[in-house]
Amino acid sequence: MLKTAELQSKITNIYNHLYANADTRTPHGIATEVGKILHTASFMEQNRSVHRPAFEFTPKQIKAHLNGQANQLAQEVRIQFQKMNDKWGFYDASITLNDFDLAYTCCQLSGILVSDKEKDVFGDAVEIFRGQWAKQVGGQFFTDSLVTKLAMQLLDFQAEKGDDLVDICAGTGGFLLAGLNHIRQQLEQKYSGEELEKNLVTLAKKSLKGQEVDKEVCQVANATLISRLGKAKDNFVQNGDSLLLNEEGKIKFNSHLCVASNPPFGTKITVKDHRILEKFDLAKVSSRANTFFPIHKLAKRAPDILFVEQNVKLLQPDKGRLSIVLPYQILSGPQTLFVRNWLLKNTIIQSVIDLPAETFQPHTGTKTCLLTLKRRKQPLEDVSAIEDYPIFMSIPKWIGHDRRGKAVYKKTIDGKNTNEILTDFPELSAAYEAYKTGKAFDHIHKQSFTISSKAICNAELLQLNAQYHKPSKFNVAAVDNEDWAFVELNKLAKKIFYPGRFKRNYVEYSENAIPFFGGSDILQLWSWTGKWIADSHPKINELAVKKDWVIITRSGSTGIVSIVPEAWDGFAMSEHIIRIVPDEEKLSPYYLLGFLRSEYCQEIIAKGVFGSVIDEIDPNFIGKIKVPIPKSKQLLQQIIRDIEEAEEARNQAIVGTKKAIRQLNNRFSNAFTS
């Protein structure tokens, strides 16, 4: 059986060769020509008495074909193409590749069973072409096929039953291609050969519709789909700005049953045009001049927020479903609470998948979620009126490539790479199928679970991300309240804060210079970071920390917990560090330090992480964590004593290290100046 890595290598070789050598070197031109060859191969295989690959060459034959004998192989393939086209009628033009490029392509396909029903070779080939093209233009239009395929399953897209599939941010056609492959899989249960292909074309033309603002990308999307289908008179994807949707086309509001999309995202790009903003509820900010006459102001918005509303408005009320890729921030951050409030009032959330961090790397480090929902028949007036229903959630670990975009493979027991891509999406998919039929699924994919819709209403910020709702491995409900008191951290601290942003005017070292620490420094055993600020800095009082303050990193590597030792009293620390000023009359800072570092509390802190590019946690969230305090004074004092002794030893280590290094510096300095 052909392995994923082998197919990827062969198709990549074809693309790279044709892109460098063929007469047609555009991505859509290459996809069209290779599509002709793949269709020909499928035709040849289906007309053989024995189901074997269309192209099967020995190394010696391949060498001959590529060294002066390409014309014979090319002529044979052209004859088979014409027979296929006479019967199936897919193409208006013949194969335009020259003999050598055609022979090279066929040699790369040697041993590949294109019509293999166990593996969608054609679909995989087109996806690989899309991936190669994405690398050349930055990847902003590319969504991984594992995500698009999962979206079709979550939408329960069924073209034979009348579902259409719309993508108004079509890019290179990823979701529409996934829809096409989904249709094919369903048709293969009934048809084969010419009948399968013709039914596929008919359903695809009827159900697949897209729009893309970039004209060249629009061409690639159409070429992607047509290369899979053959001849198609009408383009599947139209060129146009989807925020200014023209309803004269195929795509209309309140009309569609399935919509899938990965809209452009980023807080640095915002829509400011009032002609666009006035069309969106999510761009309107209420401002009451008096009790009776509310006034709406328009606020600039990131396009991903506007596309949330635009996609929902495309759906048929009470029937239409949407699967959309959104930045993690939209489903989790405090600044986007208004978006979640609108979503919960206008839609029924069906599933939330926190996608692996590497999903869109290396092109962007933005963390994302795949949200699937159904439009309500009528919007709710308030989220408190939400019905109690289950929501499927999952946190898959592996997307199949690393942050550099390099493929990652499963390993054998002895640590060697296999040829199978490392991903848990198949297990996620199986878990969802079990969930739909009411079967247990925690044994299929341990990172998948369900929550009640009421759990979202109970979350103060209406968080929708799966990480926030992930079940705890700690059974806190079983803790005996007679032995423990649970108190909000806010009530145990005098203040929880971090300083505002400031200009970092570093100075040269001097006796009066104050060491400056960043988040990565707070667990170290030295007092020099190589950065100092002047003791006259206008924000020194806001930046300086005091002995026994508990500190937590709030952005980047979030949740690192430390305490200010005596050796660092008065040092300056960055705004990326939250300060907890303990009320020692209520609770020792050393007990608080121990609790915040515990696995139980770190799990809670992880739930509060938001942000799409840089992880963040908010002091308000930290303040609402309930601290379990033992009512046994003996246990409480023992914990405090153990941690206090450890931190005193750490302080002595810092002082001792500083003293030793200073002596060495002085000795070397004297040696060089004597």
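Where a number appears in this text, it was derived from the coordinates with a stated rule and is not lab data. The structure presented is a predicted model; accordingly, all values stated were derived computationally and were not measured. Here Cβ is always computed from backbone atoms with ideal geometry, including for glycine, and neighbour counts include all displayed protein chains.
The distance between label points at His51 and Asn620 comes to 6.0 nm (points 7 Å beyond Cα on the Cα→Cβ vector). Rounded, prolate or oblate for the range 21-103? Axes are the square roots of the Cα gyration tensor eigenvalues, ordered a ≥ b ≥ c, and the cut-off for rounded is a/c under 1.5. In terms of gyration-tensor shape, oblate. Here the range 429-523 is assigned +1 on the Cβ of each Lys and Arg and -1 on the Cβ of each Asp and Glu. Its dipole about the Cα centre then comes out at about 440 debye.
What ranking do 539-547, 341-349, 502-510 get when scored by the average of other Cβ atoms within 10 Å per residue, highest first? Don't skip to the answer; put the middle values down first.
On the way: 539-547: 16.0, 341-349: 20.1, 502-510: 11.2.
Per-residue Cβ counts within 10 Å, averaged per peptide and sorted highest first, yield 341-349, 539-547, 502-510.
For a quick protection proxy, order the peptides 243-255, 164-176, 577-589 by their average other-Cβ count within 10 Å, most packed first.
Numbers: 243-255: 14.2, 164-176: 28.8, 577-589: 18.7.
Descending mean neighbour count gives 164-176, 577-589, 243-255.
The distance linking the range 537-575 with the range 232-251 is 55 Å (Cα centroid to Cα centroid, whole angstrom).
Classify the range 546-674 as rounded, prolate or oblate, taking a ≥ b ≥ c as the square roots of the eigenvalues of its Cα gyration tensor: rounded when a/c is under 1.5, otherwise prolate if a/b is larger than b/c and oblate if not. Can you show the working numbers first?
Numbers: a/c = 2.89, a/b = 1.51, b/c = 1.91.
Judged from the Cα gyration tensor, the range 546-674 comes out oblate (a/c at least 1.5, b/c at or above a/b).
Taking the fewest neighbouring Cβ atoms within 10 Å as the starting point, the ordered list for Glu645, Glu603 is Glu645, Glu603.
What is the calculated FRET efficiency for Ala20 to Ala407, with r their C-beta to C-beta distance and R₀ = 30 Å, to the nearest 0.05?
Values: r = 22 Å, r/R0 = 0.73.
FRET efficiency, Ala20 to Ala407: 0.85.
Taking 25 Å as the cut-off for C-alpha to C-alpha distance, list the pairs among Lys252/Lys377; Lys454/Lys491; Lys313/Lys345; Lys250/Lys436; Lys416/Lys473 that go past it. Violating the 25 Å Cα-Cα cut-off are Lys454/Lys491; Lys250/Lys436; Lys416/Lys473.
The modelled label-to-label distance for the pair Asn235/Ala64, using points 7 Å beyond Cα in the direction of Cβ, is 4.6 nm.
Taking the Cα centre of the chain as origin, work out the dipole magnitude from +1 charges on Lys and Arg Cβ and -1 charges on Asp and Glu Cβ, in debye rounded to 20. Let's see the in-between values first.
Details: 86 positive and 78 negative charges, 129 e Å.
About 620 debye.
Given +1 at the Cβ of Lys and Arg, -1 at the Cβ of Asp and Glu and no other charges, the dipole of the range 142-239 around its Cα centre is 240 debye to the nearest 20. Remark: the Val487-Phe668 segment gains 59.8 nm on full extension, using 0.36 nm per residue and subtracting the alpha carbon distance. For the chain, the longest principal axis of the alpha carbon atoms and the long axis of helix 145-155 meet at an angle near 90°. Find the relative contact order for the chain and round it to a whole percent, using C-alpha pairs within less than 8 Å whose residues are 6+ positions apart. Relative contact order here is 9 percent. Whole angstrom only: what separates the Cα centroid of the range 163-188 from the Cα centroid of the range 63-128? Cα centres, the range 163-188 to the range 63-128: 25 Å.
So if each residue of separation counts as 0.36 nm, and I subtract the Cα-Cα distance between Gln185 and Asp414, what length gain in nm does that give?
Working: separation 229, 0.36 × 229 = 82.44 nm, distance 3.61 nm.
Gain on stretching Gln185 to Asp414: 78.8 nm.
Treating each Cα of the chain as one equal point scatterer and applying the Debye formula with no solvent, the log10 of I(q)/I(0) at q = 0.08 Å⁻¹ comes out as -0.75. Calculated [222 nm] ellipticity per residue, helices only, for the chain: -12500 deg cm²/dmol; basis is -39500 (n - 2.57) per DSSP H run with n ≥ 4, divided by all residues, nearest 500.
For the chain, give me the percentage of DSSP beta bridges that are antiparallel, rounded to the nearest 5 percent.
75 percent
To test your reading of the geometry: what angle, between 0 and 90 degrees and rounded to tens, separates the Cα axis of helix 174-187 from the longest principal axis of the chain? Orientation of helix 174-187: about 50 degrees from the principal axis.
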